[in-house]
Amino acid sequence: MSTSCNLSGSLSWKVAGVLVPGLLLLSALPASADKIQRHFKVDARPVVTVHNPNGTITVRAWTKSEVMLIATRATDQVEVDAEQSGNRVDINTRQVSDSASPESTRADYEISVPEDAELQIHDDSGGVNVSNVLGDMNVETIAADVDMADVAGYLTVKTVGGSFQCARCAGRLEVSSITGNFRLIDLRSTYVRAQTSEGNILFTGQFLPNSTYRLKNYNGVIEVRFSPEDSFDLSATSLKGKVHNEAKLVPPSHHHFLPRFGNGLFGSFNSGRAMVELSSFDGTINILKRN
Amino acid sequence: MARTRRTETGEVPEAVSIRLAQQGDAAAFERLYRLHSRRVYSLCLRMVGNTAEAEDLTQEAFLQLFRKIATFRGESAFSTWLHRLAVNVVLMKLRKKSGKETSLEQVTEPDEESGTPRRDFGAIDLRLSGSLDRVNLQRAVDQLPPGYKAAFILHDVQGYEHNEIAEMLGCSIGNSKSQLHKARMRLRDLLQEVVREKAREERRAAGGSED
Amino acid sequence: MSVANCSAFLEQLDQWMEGERSPAAVAHLRSCKACGNLIADLDSIRDTAPSLAATDPEPSERVWSALRAQLQDEGLIHAAHPGVSDILKRWLRGTFLVLPRPVLAGAYLAALIAVGFVLSGSNGLRNDSNLWMSRMQRSTQPLSASLETEEGAISSMADTNPVVTASLRKSLAAIDNDIALCEKSVREEPQNEFVRDYLYEAYQQKADLIAQVTEGDEGQ
């Protein structure tokens with residue numbers, strides 16, 4: 001851990017920027033990609049922000065008290081700013097020319113952070129991969145897919161068209177999209193809210209006791225796969241679509257149609273220790289046994 | 001636990017207000033503001049020494065807090081989190097004002113780094129005893145560099161513990177202790193100057209020569 | 001540990017102030033007036049410090065007023081149990097009022113406020129399906145027109161990256177499809193609050209999408 005008490009900018013790194021004469025040579029890059037590596041000493045619970053319009057962002061946890069950035073940029077049409085302000089590291093991709101093609105402005109980042117880091121990531125297209133980080137996360141993308149594994153904290157993910165996959169995520173998860181599909185696998189989260197307009201939502205894994213799962217879409221399929229050991233209260237409604245159910249609910253709930261609710265199911269499976277709410281406007285809801 | 005810290009305002013516990021604020025409840029935001037604004041404002045005021053600026057900084061610190069309140073999960077005390085934001089906001093302000101980096105390590109005199117007095121300790125210093133009052137102390141605190149000042153205000157004035165301060169300042173507990181120690185030593189230097197000046201005035205008033 | 005002189009004592013001064021007092025340090029302090037004075041002064045400073053807090057002033061009321069206004073503008077606070085009109089206000093504040101494109105925001109705002117008025121209408125209005133339907137149809141007509149204008153605006157704002165543009169177009173079409181389906185359902189079942197909620201959320205998603213695109217565009 002750093003012994004410094006610095007709270008404001010102590011390191012500033014501008015690649016190919018005019019502010020760092022020693023690095024000016026990098027501005028005369030060939031058309032091929034170049035790779036740069038930087039290290040930032042941080043204390044406990046650092047904040048790392050990444051803004052990258054085009055390219056992949058891969059974040060992994062490691063045991064060092066530092067943030068390491070490996071940036072690969074396609075050409076010198078794009079600049080990478082990485083600055084440290086106290087316990088915060090800001091990584092920002094800037095396009096040098098408005099007329100540059102998307103291929104030439106791509107920047108890919110591999111970032112290693114302490115496991116308790118808080119992440120704020122913005123990526124229009126490319127992809128975001130995060131693994132083993134336990135701090136809070138806020139991820140926003142347009143077309144970029146988001147893939148998380150073994151993460152925790154308060155996770156907020158918002159995509160326009162990107163898909164979202166989360167395996168073994170813990171903490172609290174809120175994900176929303178318009179056309180993105182979601183795959184939620186073996187979650188350890190105690191609160192899950194997932195909403196996509198036109199995408200599919202797949203949930204497979206145990207419904208944890210005292211946890212809440214709210215899955216919603218307008219069209220598409222919502223599919224949850226439960227095991228006989230699970231215990232949950234279920235509410236599943238599709239106003240205009242179908243509901244298929246393999247869970248034996250108590251009190252017995254028959255597939256029925258009510259004018260206000262459309263097709264709906266309400267009841268408890270086993271002792272009802274988790275709360276599962278599935279709702280769709282015009283989509284199909286499948287509640288299936290897990291193999 | 002800070003010696004003057006309150007945990008509740010009226011009948012609504014802080015934890016309840018936080019939960020309601022996380023749901024966007026306007027009254028809960030106001031309760032949290034009323035509960036903590038005085039201490040945050042005092043911290044800002046002592047750090048920048050100007051009421052208008054201190055109010056702006058207080059507003060900014062709370063704004064940052066409320067923007068992020070949904071992510072608060074109670075791992076550290078709410079006030080610790082708030083003060084951490086406030087300190088950050090103040091230091092950013094000072095940095096903008098000075099046009100250079102301002103960090104908690106910043107000191108006015110490099111040879112103070114060790115925290116030991118510079119003077120020959122063979123000479124016996126004047127005792128502060130009768131000259132130390134709130135007004136003199138406040139004037140001296142105003143002259144401290146930012147890092148010392150923050151540690152002193154948070155620990156000796158507001159009563160936070162070193163582990164809390166370390167979290168607020170983003171540094172180690174050892175650093176917090178070291179900053180506080182340096183702050184007290186510097187204050188003693190500043191206050192002794194007041195004692196000497198007072199002695200000089202008394203001599204002038206008595207018609208004696210100046211030293 | 002031995003404290004043979006003042007320098008050695010001073011090395012341990014911070015520990016002393018933290019209450020760690022070795023016998024050697026205690027012995028030195030008994031025999032050294034300079035160090036005794038120093039400790040007495042540091043103790044006085046520490047003991048006087050809390051009195052500063054006793055006179056801590058309150059910030060002026062201006063601070064809370066300005067803060068509250070900003071929180072409202074950013075859509076962070078609402079009344080304890082918001083009605084539809086509160087939600088609409090919050091949503092509009094949180095998205096359109098901060099948009100730097102008054103033409104786009106203005107067209108959309110006009111239509112949405114009309115819809116919001118209908119959605120938040122009195123119970124009597126809600127229960128009168130004919131009246132409700134009539135209001136709803138009147139209000140959604142201008143909305144449809146403004147949405148078309150908006151689609152063009154989004155396209156022109158969109159990133160030069162074709163992947164991003166395609167994603168935005170696809171999502172915009174998806175939301176518009178949802179809105180069309182929901183509007184149709186609302187006209188068919190004006191009393192069904194679930195249908196109205198879906199419609200309302202679809203509007204909100206559209207608003208969020210526009211805000212996101214606009215913010216992204218501003219940031220570049």
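The values are calculated or read from the model by the stated rules, or taken from the named source; none is laboratory data. Keep in mind that this is a model prediction, so the values were computed, not measured. Cβ placement follows ideal geometry from the backbone for every residue including glycine, while neighbour counts extend to all protein chains displayed.
Can you spot a residue in segment A:117-125 that is closer than 26 Å to B:Glu167 by Cβ, at pLDDT 95 or above and polar (S, T, N, Q)? Spell out how you get there, then give the answer.
At the first step, the residues of segment A:117-125 found to be closer than 26 Å to B:Glu167 by Cβ are A:117-121.
Imposing the further condition that a residue be at pLDDT 95 or above reduces the set to none.
The answer is no; no qualifying residue exists.
Test each condition in (1) closer than 26 Å to A:Ala274 by Cβ; (2) β-branched (Val, Ile, Thr); (3) surrounded by 24 or more Cβ atoms within 10 Å (Cβ to Cβ) for A:Ile185 and report the one that comes out false.
(3)
Spot the failing condition for A:Arg73; the list is (1) closer than 25 Å to A:Tyr154 by Cβ; (2) crowded, with 23+ Cβ neighbours inside 10 Å, and only one is missed.
(1)
Spot the failing condition for B:Arg3; the list is (1) part of a helix (DSSP H, G or I); (2) at pLDDT below 85, and only one is missed.
(1)
Name the residues in segment A:138-156 that are modelled with pLDDT of 95 or more and part of a strand (DSSP E or B), would you?
Residues satisfying the conditions are A:Val146, A:Asp147, A:Met148, A:Ala149.
Select, from A:Gly135, A:Gly126, the only residue that is surrounded by 21 or more Cβ atoms within 10 Å (Cβ to Cβ) and assigned to a loop (DSSP other than H, G, I, E, B). Can you show your working first?
Details: A:Gly126 fails: assigned to a loop (DSSP other than H, G, I, E, B).
Criteria check complete, one pass: A:Gly135.
Within 14 Å of chain C (Cβ to nearest Cβ) and either over 13 Å from the mean Cα position of the chain (by Cα) or of a type outside the set (A, V, I, L, M) (or both): is that true of A:Ser197 in this structure? Give the derivation first.
Numbers: within 14 Å of chain C (Cβ to nearest Cβ): yes; either over 13 Å from the mean Cα position of the chain (by Cα) or of a type outside the set (A, V, I, L, M) (or both): yes.
Yes.
Within segment B:19-45, can you find the residues that are at the interface with chain C (Cβ under 8 Å from one of its Cβ atoms) and touching a residue at least 60 places away in the same chain (Cβ under 8 Å)?
B:Arg39, B:Ser42
Within segment C:23-80, how many residues are touching a strand residue (DSSP E or B) at 6+ places or on another chain (Cβ under 9 Å) and assigned to a helix (DSSP H, G or I)? Show your work before the answer.
Narrowing segment C:23-80 to residues touching a strand residue (DSSP E or B) at 6+ places or on another chain (Cβ under 9 Å): C:72, C:77-80.
Narrowing further to those that are assigned to a helix (DSSP H, G or I): C:72.
Qualifying residue count for the region: 1.
Picking from A:Val59, A:Val47, A:Val42, which residue would you name as being closer than 26 Å to B:Val90 by Cα and buried (at least 22 other Cβ atoms within 10 Å of the Cβ)?
On the way: A:Val59 fails: closer than 26 Å to B:Val90 by Cα; A:Val47 fails: buried (at least 22 other Cβ atoms within 10 Å of the Cβ).
Within the list A:Val59, A:Val47, A:Val42, the selection yields A:Val42.
Among the listed residues B:Ala54, B:Ala28, which satisfies the condition of being over 19 Å from B:Leu154 (Cα atoms) and either within 17 Å of the chain's Cα centre (by Cα) or assigned to a helix (DSSP H, G or I) (or both)?
Working: B:Ala54 fails: over 19 Å from B:Leu154 (Cα atoms).
Only one candidate passes the filter, namely B:Ala28.
Could you check segment B:89-198 for helices (runs of 4 or more DSSP H) lying wholly inside it with 3 or more residues that are under 19 Å from C:Ile45 (Cα atoms), more than 12 Å from chain C (Cβ to nearest Cβ) and at pLDDT 70 or above? Before the answer, list the steps.
Details: elements: B:134-142, B:146-152, B:162-169.
The helices (runs of 4 or more DSSP H) meeting that bar are B:146-152.
Among A:Val67, A:Val80, which is away from every other protein chain (no Cβ under 13 Å), closer than 25 Å to B:Ser172 by Cα and surrounded by 23 or more Cβ atoms within 10 Å (Cβ to Cβ)? If you could, list the steps in order and put the result at the bottom.
Details: A:Val80 fails: closer than 25 Å to B:Ser172 by Cα.
Testing whether each residue is away from every other protein chain (no Cβ under 13 Å), closer than 25 Å to B:Ser172 by Cα and surrounded by 23 or more Cβ atoms within 10 Å (Cβ to Cβ) leaves just A:Val67.
Give me the pairs: first residue in segment C:161-190 and at the interface with chain A (Cβ under 7 Å from one of its Cβ atoms), second residue surrounded by fewer than 16 Cβ atoms within 10 Å (Cβ to Cβ) and part of a helix (DSSP H, G or I), beta-carbon distance under 9 Å, and six or more apart or on different chains, which are they?
Once the first residue is at the interface with chain A (Cβ under 7 Å from one of its Cβ atoms) and sits in segment C:161-190, its partners that are surrounded by fewer than 16 Cβ atoms within 10 Å (Cβ to Cβ) and part of a helix (DSSP H, G or I) give C:Leu168/C:Ser155.
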